[in-house]
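Structure first, commentary second.
Throughout, read-outs are computed from the coordinates displayed, never taken from laboratory work. Quantities reported herein were computed from a predicted structural model and do not represent experimental measurements. Please note: Cβ atoms are built from the backbone with ideal geometry, for glycine as well, and neighbour counts cover all protein chains shown.
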Amino acid sequence: MEVVHPFYPRQLHLPNYVPNNRSVLQLLTMFFGALSVALVGLWFVMGTRRHLDGRFLCKLKISWFFLCGLIHVILEGHFALFYGTILQESTFLAECWKEYGQGDSRYISGDTFTVCMESITAFVDGPLAFLAVYAFMSNKPYRYTVQLILSLFQLYGDVLYFATEVKEGFIHGPLWHPLYFWFYFVFLNLFWIIVPFICIIESYIKLTSAQSMLDRKIQDGSTKKHK
């Protein structure tokens, strides 16, 4: 007997599929609630860093890196390690993926590109995101270098994520659906296009400015030696 499932394309053969026990509202509330609690803790810690006083936009950026680290390592790390058994699991993270999978079934079928992309995201982008948090919280000189590398990884991965689905004709979810297409697939993923792009521009400006100052310093020192 064919197992009935909610994923696209409808002819997907998923014999091990076990429906979620938690409702959509429960999953979203628990997920975003946990992230909110973590953010409150982060802002408390940032309040103890004097060099961040009055730097609201910098705090927002650190919050972004922190959320990225949590999502990349915990949520996407879970997928990278357990993508083969998510369908039959009833853990919170597995049910999150089964819910998201209704908007993009590549996470349900173990699509090769998706598994490889998420593995890189979990084990490269995740640690880099936490390193970026540490670098900006500690005012390290390499902070914009980490920001640039991380943002390039994120932007490249997300562009490929969208491009491959466009190339395949949006067959992995219900096109134009308000929740599964517009919120899960488009809205949530669009953050990893917009924010990394802005961070790349900022990194370019900061690093170019620093290099220009160094070049002028070297040139001034060379001029003085020849006088």
Once each part is reduced to its C-alpha centroid, what is the distance from segment 155-221 to segment 1-54 in angstrom?
22 Å
If a helix is a whole DSSP H run, which ones in the chain reach 27 Å or further along their own axis (Cα) and hold a mean Kyte-Doolittle hydropathy of at least -0.5?
24-46, 143-167, 188-225
Please work out the ratio of the alpha-carbon Rg of segment 97-165 to 2.2 N^0.38 Å and round it to two decimals.
1.32
Can you tell me the Rg and Dmax of segment 22-107, counting just the alpha carbons, in angstroms?
15.9, 49
A chain fully extended from CYS116 to LYS217 at 0.36 nm per residue, minus the present Cα-Cα distance, gains in nm 31.9 nm
Under the 7 Å Cα-to-Cβ spin-label approximation, ASN139 and LEU160 lie apart by a distance in nanometres of 3.8 nm
Students often get this wrong: which residues of segment 13-34 have the backbone nitrogen under 16 Å from the point 7 angstrom along Cα-to-C-beta of SER90?
16-24, 27
For segment 1-120, what is the relative contact order in percent, using Cα pairs closer than 8 Å and at least 6 residues apart in sequence?
32 percent
Pairs of Cα atoms under 8 Å, at least six residues apart: use those to get the relative contact order of segment 65-158, whole percent.
35 percent
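Within segment 74-227, how many Lys pairs that are eight or more residues apart, or on different chains, come under 25 Å at the alpha-carbon?
So the count works out to 6.
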Computed on Cα atoms, Rg of segment 5-67 relative to 2.2 N^0.38 Å comes out at 1.82
